[in-house]
Each structure stands twice: as structure tokens, then as C-alpha cells.
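Structure first, commentary second.
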Amino acid sequence: MKDKQIFQLHADICQALTHPIRLEIIDNLRRGEKSVSQLAEALQAAQGTVSRHLSVMHHKGCVASRQAVPDAY
């Protein structure tokens, strides 16, 4: 990878983490995988707000997402 590409990647990640809620999200996720609603409850924030921040972080490659597996009956 060229130096300019590495610098751009670093800048993108830094830009994605410039909001306090996003830093709180990272802190919560380091303890394990959580759903949007679990994160919203832990951060005492609206689910839409958390979802919007996760979307920014996902777009910049800071977090990955997956569909929840439904509980078996």
C-alpha cells in the first residue's frame, strides 16, 4: 500500500472517531458484540442516534455488522 493510501486510511478512521458517542460505542464494543438497542441503552441515547453513528463508523471501516440470528423455539 502506498504511503498516501495509508495516510488516507488513517485520516478516514480518525474522522470517524471524532464524536464522543462514537468513542463510547467503541468502548462498549470492546467488551463484546452488542445490538443497536443494547448500545442505545448503555449509552442512554436514542436508537436512531446510535444507528446513525454506527453507520458512519461502518462506512469508514471502524466496525462490522451482521444480522442477528433469531432465537430458536
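The values are calculated or read from the model by the stated rules, or taken from the named source; none is laboratory data. Bear in mind that the values here come from a model prediction, so they are computed numbers and not experimental data. Positions of Cβ are generated from backbone atoms using ideal geometry, with glycine treated the same way; all protein chains shown enter the neighbour counts. Side chains are part of the model used for accessible areas, which takes the heavy atoms of the whole protein and leaves out ligands, DNA and RNA. Shrake-Rupley method; radii C 1.70, N 1.55, O 1.52, S 1.80 Å.
Taking the Cα centre of the chain as origin and assigning +1 to Lys and Arg Cβ atoms and -1 to Asp and Glu Cβ atoms, the resulting dipole is close to 220 debye.
Dividing the convex hull volume of the alpha carbon atoms of the chain by its residue count gives 110 Å³ per residue. What a 1.4 Å probe finds exposed on the chain is 54% carbon and sulfur by accessible area, rounded to a whole percent.
Among the trypsin sites (Lys or Arg not before Pro) in the stretch 11-73, which ones are in a DSSP loop with at most 12 other Cβ atoms within 10 Å of the Cβ? Mind listing them? Taking the stretch 11-73 and a limit of 12 other Cβ atoms within 10 Å, the loop trypsin sites (Lys or Arg not before Pro) found are 30, 31, 66. Under the criterion of Cα pairs below 8 Å and six or more residues apart, the relative contact order for the chain equals 32 percent. Projecting the Cα atoms of 47, 37, 16 onto the dipole axis of the chain, where Lys and Arg carry +1 and Asp and Glu carry -1 at the beta carbon, places 16 farthest toward the positive end. Under the combined filter of DSSP loop state and at most 10 neighbouring Cβ atoms within 10 Å, the chain retains these GluC sites (Glu not before Pro): 33.
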